[in-house]
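One structure is given here, and the rest of the page talks about it.
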Amino acid sequence: PFQERFQASPEQWFLSVFCSTQNYISSQGIRTHYRKAGDSHMELKPNNESFIITKTFSGSLSEVGHLKEDAQASSETINSPNGKLYERHQVTKSLFKKFDQITWPLDTHPLNKSLIIGDKWKKTDVAQEKRRAFLQDFCKKYGGGNHDQSHLFHMVSRIYVEDRHKILYCEVPKAGCSNWKRILMVLNGLASSAYNITHNAVHYGKHLKKLDSFDLKGIYTRLNTYTKAVFVRDPMERLVSAFRDKFEHPNSYYHPVFGKAIIKKYRPNAYEEEINNGSGVKFKEFIHYLLDSHRPVGMDIHWERVSKLCYPCVINYDFVGKFETLEEDANYFLQLIGAPRGLKFPNFKDRHSSDERTNADVVRQYLKDLSNMERQLIYDFYYLDYLMFNYTTPLV
């Protein structure tokens, strides 16, 4: 039960994690420093609002790109109230004022079950209602508080929009997102079958819209009227799956960008050739990078926490699917939103189809080379994801 597993108060948990992290950093000889609030860095405050670990932003978020013109208009026309640019600035200003009055998190919508026929989905429906209730209870208890609306564009930057069926889908990499994008393309009329869409078309095409591409009114309207869905996965499984995908196969981005930096910092006496090509990163080295408070290269969405990708306690999701029951949950969701009868969620692997799927047994093989401290710190890192989505605490 939730109450039994969540024994520590937010302050107690923060103190224990902080001490564990400092012990680990000291044991690894990692040099670190702490930045002042306002830097783009992790900031922890001892109150309920910040129990969900939040970042402070120095202005480099995605909303800057959307508001750049309006900000520029403000500075250029401060003494020209009759100008068109001044008028645009006033409109933007009034919209932000409206957003400041919004009560967050937004309420969830009752799922429209009128399209569900028979008892086939009864078990799935019961599980869905339990997940929704569990997440809502968690957020009411620990995830409340006011949220700066100027971060809105960042908070919705991982959400895909499908206007025909009024769907918002938050992308969680390594939790079925590639096939979900295929489904969205079919629903959008961009393809006739999910099975005919290539990996490159899914990941590098510009076919699907994200919520942060709309203006404030468009974002707010969709958040309040569309069905919002998120699909999640056991955090440890998702982490191992990401490592296998990005570092155990040739990759023209992750090896030079992440691999080089990881090998250089975390592999003692690394050969120059190893550093130059960035391939062959070991799982333990990857974990050292993940747990380092002063990483040589930033985070990536494939192993970022769901709490920071989708903001579940700010954007209350109407549907919470799980990778462990992916096909069943996805096909039930398609029924709920009135998708074409013949559209089924594809069950194939997007890449590396000959590899064994990452499951609990595979995860254990990777974790066995880590110390108890390292395993505990991984759990601490994904602590909120475990709690929010009611995943069983791993044996560390």
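Please treat every number below as a calculation from the coordinates, not as lab data. The structure displayed is predicted, hence computed values, not measured ones. Cβ placement follows ideal geometry from the backbone for every residue including glycine, while neighbour counts extend to all protein chains displayed.
Per-residue Karplus couplings for region 324-336, computed as 6.51 cos²θ - 1.76 cosθ + 1.60 with θ equal to phi - 60°, are listed in order as 5, 10, 4, 4, 4, 5, 5, 5, 5, 4, 4, 5, 4 Hz, Gly and Pro entered as x. By the gyration tensor of its Cα atoms, with a ≥ b ≥ c the square roots of the eigenvalues, what is the shape of region 211-301: rounded for a/c under 1.5, prolate for a/b over b/c, or oblate? The shape class here is prolate.
Amide H contacts for K228 (H built 1.01 Å from N in the peptide plane; partners 5 or more residues away or on another chain; cut-off under 5 Å): L168, D318, F319.
Each label point was placed 7 Å from the Cα along the Cα-to-Cβ direction; for S293 and R341 their separation is 6.0 nm. Which shape class, rounded, prolate or oblate, goes with region 286-396 when its Cα gyration tensor gives a ≥ b ≥ c as root eigenvalues, a/c under 1.5 marks rounded, and past that a/b bigger than b/c marks prolate? Prolate.
Cβ-to-Cβ counts within 10 Å put S178, S371 in ascending order as S371, S178, the fewest first. 3J(HN,Hα) along region 184-193, derived from phi through the Karplus expression 6.51 cos²θ - 1.76 cosθ + 1.60 where θ = phi - 60°, amounts to 4, 5, 5, 4, 7, x, 8, 8, 8, 9 Hz, with x in place of Gly and Pro. 3J(HN,Hα) couplings calculated from phi for region 119-136 with the Karplus curve 6.51 cos²θ - 1.76 cosθ + 1.60 (θ = phi - 60°) are, in sequence order, 9, 4, 9, 4, 5, 5, 5, 4, 4, 5, 5, 5, 5, 4, 5, 4, 5, 5 Hz; Gly and Pro show x. Each peptide in 310-317, 121-128, 379-386 was scored by the mean count of other Cβ atoms within 10 Å over its residues; highest first, the order is 310-317, 379-386, 121-128. Taking the fewest neighbouring Cβ atoms within 10 Å as the starting point, the ordered list for H302, H207 is H207, H302. For K209, the residues 5 or more places off, or on other chains, whose built amide H falls under 5 Å of its own are V161. By other beta-carbon atoms within 10 Å, ranking K174, K210, K141 with the fewest at the front produces K141, K210, K174.
Amide H to amide H, with H built 1.01 Å from N, R233 comes under 5 Å of F323, counting only residues 5 or more places away or on other chains.
Computed from the C-beta positions of K264 and K368, the FRET efficiency with R₀ = 30 Å rounds to 0.70.
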